[in-house]
Amino acid sequence: MGNMVASIKEYLTGLTLPHMSWIDIIEILLIAVLVYQFMLWVRNTRAYSLLKGILIVLAFIFIAYLLKMNTILWLVYNAGGYAITAVLVIFQPELRKALEELGHKKIVSTILPFDSGKKDESGRFSDRTLNEIVRASYEMGEVKTGALIVIEEETILNEYARTGIYLDSLVTSQLLINIFEHNTPLHDGAVIIRGDRVVAATCYLPLSDNMELNKNLGTRHRAGVGISEVSDSLTIIVSEETGRVSVAQNGALRVGVTRDELKEILIKEQNANAEKQKRKIWKGWVKNEEKSDE
């Protein structure tokens, strides 16, 4: 035991910390900021889902390497160059928007990300907001006023909010009805709701190319399904022709839901959001406990 302790001490005394200049410190800080901004960008765009898909492919390649699947490794090796080009093409819209956002950012606030005033209000919507959305949907349905209401979940929809007009207003049934009223400036397009606030109106959404959808459904329904295919949002569609209220989520469309059914769907989504928030708080609490135990 004494020899082991002596060997460890001799080894530790032989260790020397590398010399670091102020340039090295600046370089580390810049890399840390760039990595942090990249993570934020990935988290707040559709690139998050694409990145998860790429990580799954990489994991599959790693397993193939461990098991010595030479045919798969040969295909990966020969297709590697094309894969890089494909990734650049797939991420082209997100990369362009990321560079645009970088150009609009203030350098000081980027390096020192203190609270700059406005906070992201994504998360659980209140019971009041739930009732206001339900009331507005069926009042518009009674008079056959077409509407497209997107309720944001974990996937941030800023790229679609930018296509419309920012409002940042409290959700009320009167506001939603006035927005979608015929011949008003904001009636065309979708409304995006984040938490208890209307983020933007007249937003353009991607149309679904699902061939299994009913051919009688119009552009409004295809847009509702389209946004649910690229995000985890919940979309309420009020038909201008029939006045029926439909719900799109996870690429599926429920046509002609009743008032009670819509309220039940929203309550379920509300509870799911609350559970997600509790899990986040629990994870943070566990991490803090582990640090304190150390």
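So the values come out like this:
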item	result
Single condition residue 228 does not satisfy, out of (1) open to solvent by 10 Å² or more (accessible area, probe 1.4 Å); (2) part of a helix (DSSP H, G or I); (3) among the polar types (S, T, N, Q)	(1)
Some residue of the range 181-197 being out of contact with any strand residue (DSSP E or B) (no Cβ under 7 Å at 6 or more places or on another chain), in a strand (DSSP E or B), open to solvent by less than 70 Å² (accessible area, probe 1.4 Å) and not aliphatic (A, V, I, L, M)	yes
Residue check, residue 152 surrounded by fewer than 23 Cβ atoms within 10 Å (Cβ to Cβ), charged (D, E, K, R) and farther than 18 Å from residue 244 by Cα	no
Residue selected from the range 154-205 under the condition under 15 Å from residue 130 (Cβ atoms) and in contact with a Gly (Cβ under 9 Å, 6 or more places away or on another chain), by the criterion modelled with the lowest pLDDT	195
Residue, most open to solvent (accessible area, probe 1.4 Å), within the range 198-215, restricted to residues that are within 26 Å of residue 127 (Cβ to Cβ) and aliphatic (A, V, I, L, M)	199
Residue match in the range 120-136 (condition: modelled with pLDDT of 95 or more and among the small types (Gly, Ala, Ser))	yes
Qualifying residue in the range 62-77 (condition: within 23 Å of the chain's Cα centre (by Cα), at pLDDT 75 or above, at negative phi and exposed (fewer than 11 other Cβ atoms within 10 Å of the Cβ))	no
Meets criteria (in contact (Cβ under 8 Å) with a residue 24 or more places away in the chain and out of contact with any strand residue (DSSP E or B) (no Cβ under 6 Å at 6 or more places or on another chain)) for residue 154	yes
Among residues of the range 21-38, those that are of a type outside the set (Val, Ile, Thr), exposed (fewer than 11 other Cβ atoms within 10 Å of the Cβ) and part of a helix (DSSP H, G or I), counted	1
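The values are calculated or read from the model by the stated rules, or taken from the named source; none is laboratory data. This one's a predicted model, so the numbers in the text were calculated from it and none came from an experiment. Glycine gets a Cβ as well: all are built from the backbone with ideal geometry, and neighbour counts include every protein chain shown. The protein model used for the area step is the full one, side chains on, heavy atoms only, and it has no ligands, DNA or RNA in it. Shrake-Rupley method; radii C 1.70, N 1.55, O 1.52, S 1.80 Å.
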